[in-house]
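Novice: Can you read through this structure? Questions will come right after.
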Amino acid sequence: MRLSRLLLVCFMLGLAPLLSVHAQGQVSPYTVVVSVADTSDAARNNAFGDALAQVLARTSGGQDLSAKPGYADVLKGASGIVQQYQYQRAATGMALQVTFDQAAVQRAVSQMGVSGGGSRPPVLLVVRDEDGSVLTRDALSALTQTVAAKGYSTVLADPAKTGDTPNLTSAEPDQVAAMARQYKTGLMLLGQVHGNAADWVLVSGGAQQKWSTQGANVAAALTDAGNGLVDRLGKQLNVIGSVTVDGKLWVSQINSAMDYANLVAVLRADPNVRQVTTLSAQGDGMLFAVKSSLPMDALGNSLAAGGRVLRGPSHTEADASLRWVH
């Protein structure tokens, strides 16, 4: 269906405001797993505080809240907003999975005066050893724990489905889109470990950032990689706007009324988007007028991190260009 007719159908049927985004099926940002020394009350309460620190960072978009007024008191009262918890076996001993009350966490963040961009999607990890095998979560614990401590969650690619996975030298747009569809995230870290060093590529909404790490051992190199990952994500995603920005957003690969309705739902659900209006359609793309609390390029990065859209080829009439992920 041509998009000119698609627009007419969407407006006549009122699809855009009625259809919601499909559930993303990812782990709740209010649930985390942390190490715990034993099952004593003291150890459990300490673990609750560590877990809440991660949840607060997640739900504020990865910001460091430790200097905010009331932060220490919130952590001290962590046990009072725990919804449920359970002990688990871990490679390093024992762990505790903790889920916090969503409303209580949001209230705590708000009372600290934080205006973050909301929780971030997980980072998909595809890290290979020298023999080409994909490393497991246990092998990557130094990396995942470093990232979790800064408020970002991770998900590992299924080892049985990594045959056509992007690697350090090749991350084609179609491969990235396929991974975004499967794992519901536009953030992907590709890694290649060799000895006590490793090479990395962060694919964030399609844009790629490359760097290398080296340490006294593999764990040190992975810890350094985790810090580097968080630093790069923070610079790209933790942009706090102070004024309303008017801009134009182009989104391609919209092939049905359902695509259009879901796209508009994604835009309207983003906390940085204050208003969105459809301007025109051409080929498989659509042009939107957007009022945002972020500059258009930063908004594009934020939207692409969610995995429903990725950065796309530039368009002459738009300030930022994206492509819809079906």
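Novice: Straight distance only, please: which aspartates and glutamates reach the Cα of K68 with their own Cα at less than 19 Å, same-chain residues fewer than 8 apart left out?
Specialist: D50
Novice: Provide the FRET efficiency to the nearest 0.05 for the S66-D38 pair, computing r from the beta carbons and using R0 = 22 Å.
Specialist: Efficiency, from the Cβ-Cβ distance: 0.25.
Novice: Going by a ≥ b ≥ c, the root eigenvalues of the Cα gyration tensor, does the range 31-112 fall in the rounded group (a/c under 1.5), the prolate group (a/b larger than b/c) or the oblate group?
Specialist: Prolate shape, in that a/c is at least 1.5 and a/b is the bigger ratio.
Novice: When the Cα centres of the range 79-106 and the range 267-305 are compared, how far apart do they sit, in Å?
Specialist: Cα centres, the range 79-106 to the range 267-305: 36 Å.
Novice: Taking amide H atoms as placed 1.01 Å from N in the peptide plane, list the residues 5 or more away in sequence, or in a different chain, whose amide H sits under 5 Å from that of V245.
Specialist: Residues meeting the amide H criterion: S292, S293, L294.
Novice: Right, next: According to the square roots a ≥ b ≥ c of the eigenvalues of the Cα gyration tensor, what is the shape class of the range 245-324, taking rounded for a/c under 1.5, prolate for a/b larger than b/c otherwise, and oblate for the remainder?
Specialist: rounded
Read-outs throughout are calculated quantities, based only on the coordinates presented, and are distinct from any laboratory measurement. Treat the numbers as computed from the prediction; the structure is a model and nothing was measured. Virtual Cβ from ideal backbone geometry, glycine too; neighbours counted across all protein chains shown.
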